[in-house]
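Derivation of every value follows stated rules applied to the coordinates shown; laboratory data play no part. These figures come from a predicted structure and were not determined experimentally. We place every Cβ from the backbone using ideal geometry, glycine too, and count neighbours over all the protein chains shown.
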Amino acid sequence: EKGGYEHFMLKEIYEQPNAILDTFRGRLLANEGIIKMAGIEDNMKKFLNADRIIIVACGTSWHAGLVSEYIFEDLARIPVEVEYASEFRYRNPVITEKDIVIAISQSGETADTLAAIKLAKSKGAFVFGVCNVVGSSIARESDAGAYTHAGPEIGVASTKAFTTQITVLTLMALRLARAKGTMSSSDFRRHLIELELIPEKVKKALESDAYVETVADIYKDAKNCLYLGRGYNFPVALEGALKLKEISYIHAEGYPAAEMKHGPIALIDEQMPVIVIATKKGHYEKVVSNIQEIKSRKGKIIGIVTEGDESVRDLADHVIEVPDCSESLSPLLTTIPLQLLSYHIAVKLGKNVDQPRNLAKSVTVE
Ligand code: F6R
């Protein structure tokens, strides 16, 4: 059942190239230059007339929502707010019929997310579900939706659900960008081709596994860890920190790299590993200067970089390479080494990777 892997989590990390492919199969038609998503086509008017999109989710799914905020705003020019379902539902939010609420949930059973969409529906908003489990409560409660095709995710730490959620949300943003005319047809086609290349690039990113394991060996006894990223990769930093916390029980925080100087920089000393996502294109020069600030305070730097990078390599203690790709798709690649890093650290510490203490696969309590 684990297909020769020691843990479900590792199996699911390795399933990502296929899971992403399965998620865009039949929807992304790069040769014809189109995206087909019934849930969008059938409700196109609503999407085009919407004032804004509100995304509600919890945990890793919330992080996928944050990534898609950058994508929807950048490509489709639709204002997006991303909300913790548990905060949204209890604060008397302003919701109207002109709002579209996207609920993201792997299990489709998360109690707070379900309650948030019931509230949104009662105020007349249109609810679109992005779920993995077919026929789940959130999928049934939504007015329309698009499934991720990740297959069953057994490991409590979410991995392939995250990357397939980003895939669905990217397809949606691209489809809407085309319909709204915020993207030229040549740009659109270029994005489709880039997205089609992602499964192969994820495979390449997975080749860093053995090296990531050696890095895990060096930092497994750290008491704290900081994850930094900017733009599209800021939510990836949050997700990297969550993955480490939940399975290795090491305290970790994700931060926008530029916010570091407003507080967290005080934590940095020679004991502090700092994982910095520093791929080319994403405010690269700025991230390099953030890395210099860490280095001058003797922090240990693990850089996630684009293949062939030299500037970060000169500064960092370790660099882990991912293939080059367009900036909006980079979270699908930069996430991979972070998943592997937390996996290997947890295994080396002898933790129960697939069933970490205090956590359940679907959180049906509020
Ligand atoms: C993290 C994790 C949780 C879930 C969260 C939402 O690895 O598994 O943070 O992401 O409980 O669950 P779903 O997506 O099922 O609504």
Checklist entry - Ranked highest first by average number of other Cβ atoms within 10 Å, how do 97-103, 48-54, 307-313 line up? => result 97-103, 48-54, 307-313
Checklist entry - Can you give the convex hull volume of the alpha carbon atoms of the chain per residue, in Å³? => result 132
Checklist entry - Which shape class, rounded, prolate or oblate, goes with the stretch 97-188 when its Cα gyration tensor gives a ≥ b ≥ c as root eigenvalues, a/c under 1.5 marks rounded, and past that a/b bigger than b/c marks prolate? => result oblate
Checklist outcome for this item: Using alpha-carbon positions, the gyration tensor of the stretch 52-113 gives root eigenvalues a ≥ b ≥ c; with a/c under 1.5 called rounded, otherwise prolate if a/b exceeds b/c, else oblate, the class is oblate
Next on the checklist: Looking only at the chain, where both bridge partners belong to it, what percent of the DSSP beta bridges are antiparallel (to the nearest 5)?
Outcome noted: 5
Item to check | Protection-proxy order for peptides 234-240, 210-216, 130-136, each taking the mean of Cβ atoms within 10 Å per residue, highest first | outcome: 234-240, 130-136, 210-216
Checklist outcome for this item: With Phe128 itself left out, Lys, Arg at +1 and Asp, Glu at -1 over residues whose Cβ is under 10 Å from its Cβ give 0
Checklist outcome for this item: Given unit charges at Cβ for Lys, Arg (+) and Asp, Glu (-), the dipole magnitude of the chain about its Cα centre in debye, nearest 20, is 600
Item to check | Pairs of Lys in the stretch 1-105 closer than 27 Å at Cα, counting only those 8 or more apart or on different chains | outcome: 6
Checklist entry - Which net charge results when you count Lys and Arg as +1 and Asp and Glu as -1 among the other residues whose beta-carbon is under 10 Å from that of Asn49? => result +1
Next on the checklist: Viscosity 1.567 mPa s, temperature 4 °C: give me the Stokes-Einstein translational D for the stretch 246-347 in µm²/s, with Rh taken as the Kirkwood radius over C-alpha pairs.
Outcome noted: 92
Checklist entry - Among the helices of the chain (complete DSSP H runs), which have Cα atoms covering no less than 24 Å along the helix axis and a Kyte-Doolittle mean of at least -0.5? => result 160-180, 185-206, 331-348
Item to check | Euclidean distance of C-alpha centroids, the stretch 313-366 and the stretch 116-180, integer Å | outcome: 22
Checklist entry - Counting Lys +1, Arg +1, Asp -1, Glu -1, what net charge surrounds Lys203 among other residues with beta carbon under 14 Å of its beta carbon? => result -4
Checklist entry - In terms of Cα to Cα distance under 19 Å, which lysines are near enough to Lys245, apart from those fewer than 8 places away along the same chain? => result Lys160, Lys220, Lys223, Lys300, Lys348, Lys351, Lys361
Next on the checklist: What distance in nm separates the two pseudo spin-label positions at Asn352 and Asp221, each 7 Å out from Cα along the beta-carbon direction?
Outcome noted: 2.6
